[in-house]
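Colleague: Below is one structure. I have some questions about it.
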Amino acid sequence: MAIFADNKTRVIVQGITGRDGAFHTRQMVKYGTKIVGGVTPGKGGTKLDDIPVFDSMKEAVKATRANTSIIYVPPAFAVDAIYEAADAGIKLIVCITEGIPANDMMKIYHFLKHRGIRLIGPNCPGIISPGLTKVGIMPAQIHKKGKIGVVSRSGTLTYEVVYNLTLAGFGQSTCIGIGGDQIIGTNFIDCLEAFENDPGTEAVVMIGEIGGSDEEMAAEFIDKKMKKPVVGFIAGRTAPPGKRMGHAGAIISGSSGLAGDKIAALNSVGVPVADIPSQLPILLKEKLEAVREKAAHKKAKKKAAKKKTVKKVIKKAKKTAKKVVKKTKKTTKKKATKKTAKKKVAVKKKQKIILKRK
Amino acid sequence: MKIHEYQAKEIFARFGIPIPKGDVTNSAEEARQLAVKYEKAVMVKAQVHVGGRGKAGGIKYCAEPDDAYFNAEEILKMEIKGLPVKKILVSEALDIVNEAYVGIILDRVSKKAVVMVSPAGGIDIEQVARETPEKIMKFEVNPIMGLRGFEATRLGMFVYDDFKLARQCASIILKLYDVFIHSDASLAEINPLIVDREGKLIALDAKINLDDNGLYRHPDLEEFRDLDAEDPDEIEAKKADLSFVKLDGNVGCCVNGAGLAMATMDLVKHFGGEPANFLDIGGSSSPEKVITAMKIIIGEPKVKIILFNIFGGITRCDDVANGIVQAVEHLHPNVPIVVRLTGTNEDEARQILKSVGLQATTSMEEAVKMALEKAA
């Protein structure tokens, strides 16, 4: 199982004929992703390998029944590309493009939310459900099918973490890069919620970084709504304040967005945070073992408790059964007398009425 | 991108927000002449990219033109929070009846522009929020509908009891929202917004932060960039489309991806070293970018080692390897290079690196440890 993208995902590549678009389209096809078409305005009717290219998303979706799109076009056109995908009926939009203005993203975010369309990104590596599909730019060979969900604000740092997980034997259910911008379509909580509800996910690795308060909000969500174990990593402990560290969203402004605060928030709800990426698999192992032990303990307790309760229940049942029998006997008698009394009254009333008429 | 008060006021003026008369200069003599020209008392204000200028002595009232001269001379010699003052704004001094606050920020949580107003102006709004939160009204703007007149009026009436003032305020809030949207700002702030003796509202101060991602559609605002206020290496990096932040250590880092670049710095520190910089060579990295990156790194004499940490995705390892080879051939760096490569086209990359005698590891930790050993 996986979240958001699986083997039913049918993808259109927006910007399929560009350098990056074409390169990563071929990589996705190689992985087994169902790339059903591409869009580059002005190049409709041509083909990239065997993939048909269309002039517009409307035509592409109509011809291919696609439900997903991935966007590789430059920032000046990416905003339009997102709206066009939404307009064409796409339900999952993955936007790789970096550099979309926040003002545009505010509008896009609320527009898509209103229509129930999921946007992953922008400024993200996309999503991969190992063994099922890859809608993104991540190197496929480092992934392995499994039960760990990965969600991250970063691209390459996610690869680093996944690489470490795979080396340690932890396969992944789905890995999502949610993007490094200030305003992104899908946040930590959306992913955590989906992973919690996904029977194919056993635990979650969450990779945050400086800037904003998404990690703190995620910690609150984990505390209140999650049962599955979560382990974390936060990048930017050594980042100076006031400087944008590459990502538009990775900036410590004043005293907010510090790595230390995020680590503390996660720790306070029982989420261990790794000091270095290679520690993550170790923490994950510990957490999973603890969960399994707890579960085993609970089962044992339940079994023991069940034996006792079964006996008790039988005893109780016998007692109550006796009581019930007695009670029902009494009440039926009472009810019967009441009924007959009522009938007598009714008969008398009728008799009176007849007498009056006479 | 941060811009100066005088630049923000220039934008305000374009959108019709009333501002005091003023001119920017870098000479004390000109400050005196401006005071003479205005025929009244003036304020001399340091133009630097930090808050708290007033407290630091960077804003002075000058009753006479001579005062303007001396104060300007003094302020132009100042450093405020480490930043030298290179320009001053000389503007007419106004009689202040009342000070209020009006600001708009990009709120990451609600994913909306949030308008904040307060009748308590002239002081740090964060302080007001902490101490007297009831004096602040916040309003989340529906980004699709935009800020409407009735909403601005409601905000204006929170600030002023007098309806005439409230209406003026509402009009300024609407104009400020236009500034915010049409300049692609992440913050637009008037603190204080004052009422003068004639009952007119004037933006006494102005602050605008611009969203870097929006700058491509505002070439006029890009010109506001103060190259004096930025590190020359950071400017060069920006030209080459690299993200670079200078730090204090001796381990030069060259990484693809911001998250991994931060994690690399953290790892250097974790193993007892000090990173010399944050450098993200970005997504589809061409060899030219790698050359520029190396040039910037070895330009810092403190640097004792160059650490490449590349995890290929949209970045192809062979592109980076070609860049490293070309950079080595062109720049002849006299510090050792440690390379870590994993991901897209890594085998090709390894072959390319062999030609200049470089070996690449696959583990980030190993590479960092190696770099620290060589730097020691």
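Colleague: Scaled to the compact-protein estimate 2.2 N^0.38 Å, what is the alpha-carbon radius of gyration of region A:91-168, rounded to two decimal places?
Modeller: My calculation over the Cα atoms of region A:91-168 gives 1.23.
Colleague: Using a Gaussian network model of chain A whose springs link C-alpha atoms within less than 10 Å, name the residue from A:K144, A:K43, A:K312 with the highest mean-square fluctuation.
Modeller: The residue with the greatest mean-square fluctuation here is A:K312.
Colleague: Can you work out the accessible area per residue across the protein assembly as shown, with the rest of the protein chains kept in place, probe 1.4 Å, in square angstrom?
Modeller: Averaged over the residues of the protein assembly as shown, the accessible area is 47 Å².
Colleague: Still on this structure, please answer the following. Could you compute Rg(Cα) / (2.2 N^0.38 Å) for region B:265-309, with N its residue count?
Modeller: Dividing the Cα radius of gyration by 2.2 N^0.38 Å gives 1.22.
Colleague: Still on this structure, I have one more. Determine ³J(HN,Hα), in whole Hz, for all residues of region A:232-240 in sequence, where each value follows from phi through the Karplus function 6.51 cos²θ - 1.76 cosθ + 1.60 and θ = phi - 60°; x replaces Gly and Pro.
Modeller: x, 9, 10, 8, x, 4, 9, 6, x
Colleague: My understanding is that a pair violates if its Cα-Cα distance is over 19 Å; which of B:K111/B:K138; B:K9/B:K175; A:K91/A:K144; B:K138/B:K164; B:K21/B:K45 do that in this structure?
Modeller: Listed pairs above 19 Å: A:K91/A:K144; B:K138/B:K164.
Colleague: Which of the residues in region A:151-177 show a loss of at least 50 Å² in accessible area from their chain by itself to the complete set of protein chains, at a probe of 1.4 Å?
Modeller: The answer is A:T156, A:E160, A:Y163 - residues whose exposure falls by at least 50 Å² when every protein chain is included.
Colleague: Let me ask you something else. With the alpha-carbon atoms as the only input, what is the per residue convex hull volume for region B:22-92 in Å³?
Modeller: 65 Å³
Colleague: Can you give the Kirkwood hydrodynamic radius for chain A, in Å, rounded to one decimal and based on Cα pairs?
Modeller: Value: 23.8 Å, from the Cα pair sum.
Colleague: Do you know which residues of region A:82-114 lose at least 50 square angstrom of accessible area in the protein assembly compared with their chain on its own, with a 1.4 angstrom probe?
Modeller: Output list: A:P101, A:N103, A:M106, A:K107, A:H110.
Colleague: Given springs between every Cα pair under 10 Å in a Gaussian network model of chain B, which of B:A206, B:A129, B:A72 has the largest fluctuation?
Modeller: Evaluated over chain B, the most mobile residue of the options is B:A129.
Colleague: Looking only at B:V44, B:V339, B:V102, which one moves most when chain B is put into a Gaussian network model with springs between Cα atoms under 10 Å?
Modeller: Between B:V44, B:V339, B:V102, it is B:V339 that shows the largest mean-square fluctuation.
Colleague: Over all directions, the average projected area of the alpha-carbon convex hull for the protein assembly as shown comes to how many nm²?
Modeller: Answer in nm², one decimal: 51.3.
Colleague: Further question on the same structure: With all pairs of different alpha carbon atoms counted, what Kirkwood hydrodynamic radius in Å does region B:98-222 show?
Modeller: About 14.7 Å, per the Kirkwood formula over Cα pairs.
Colleague: Give me the net charge for the shell around B:V117: Cβ to Cβ below 12 angstrom, other residues only, Lys and Arg +1, Asp and Glu -1.
Modeller: Within the 12 Å Cβ shell, the charges total +1.
Colleague: Tell me the carbon and sulfur percent of the accessible area for chain A, rounded to whole percent, probe radius 1.4 Å.
Modeller: C and S fraction of accessible area: 58 percent.
Colleague: Another question, if that's okay. Rounded to the nearest 100 Å², what's the accessible area chains A and B bury against each other, both chains counted, probe 1.4 Å?
Modeller: Result for this pair: about 4600 Å² buried.
Colleague: Of the heavy-atom accessible surface of region B:51-114 (probe 1.4 angstrom), what whole percent is carbon and sulfur?
Modeller: 49 percent
Colleague: For chain B, take the alpha-carbon Rg, divide it by the Kirkwood Rh, and send me Rg/Rh.
Modeller: That ratio is 1.09, to two decimals.
Colleague: In angstroms, what radius of gyration and Dmax does region B:1-61 have, counting Cα atoms only?
Modeller: Cα-based Rg and Dmax for region B:1-61 come out at 12.4, 35 Å.
Colleague: When averaged across all projection directions, what area in nm² does the alpha-carbon convex hull of region A:1-123 cover?
Modeller: 7.2 nm²
Colleague: Can you pull the percent of Cα pairs in region A:180-292 with separation above 23 Å?
Modeller: Beyond 23 Å sits 27 percent of the P(r) for region A:180-292.
Colleague: A further question on this structure: Provide the descending list of Cα extents for region B:184-296 along its principal axes, expressed in whole angstroms.
Modeller: Computed over the Cα atoms, the extents are 63, 33, 24 Å.
Colleague: Could you check what % of the DSSP bridge pairs in region A:1-123 are antiparallel, to the nearest 5?
Modeller: Of those bridges, close to 10 percent are antiparallel.
Colleague: Hey, another quick one. Starting from the Cα of A:D50, step 7 Å along the direction of its Cβ; do the same at A:K144; then give the gap between the two resulting points in nm.
Modeller: For A:D50 paired with A:K144, the spin-label model returns 3.1 nm.
Colleague: Please compare each pair in B:K238/B:K289; B:K60/B:K86; A:K8/A:K62; B:K2/B:K304; A:K243/B:K81 to a cut-off of 21 Å on the Cα-Cα distance and tell me which ones are over it.
Modeller: B:K2/B:K304
Colleague: Continuing with the same structure: Carbon-plus-sulfur fraction of the accessible area of region B:187-334, 1.4 Å probe, in percent?
Modeller: Of the solvent-accessible surface of region B:187-334, carbon and sulfur hold 46 percent.
Colleague: Just to check, using Stokes-Einstein with a Kirkwood Rh over alpha carbon pairs, what's the diffusion coefficient of region B:231-375 at 10 °C and 1.306 mPa s in µm²/s?
Modeller: Once the numbers are plugged in, D ends up at 110 µm²/s.
Colleague: Assuming 0.36 nm per residue, please report the length gained on full extension of the stretch B:V97 to B:A376 beyond their Cα-Cα distance.
Modeller: Length gained, B:V97 through B:A376: 94.1 nm.
The values are calculated or read from the model by the stated rules, or taken from the named source; none is laboratory data. It should be emphasised that the depicted structure is a prediction, and the values quoted were computed from it without experimental measurement. Don't worry about glycine lacking a Cβ; one is built from the backbone with ideal geometry, like all the others, and counts go over all protein chains shown. In case anyone asks, the SASA skips ligands and DNA or RNA and just uses the protein heavy atoms, side chains included. Shrake-Rupley method; radii C 1.70, N 1.55, O 1.52, S 1.80 Å.
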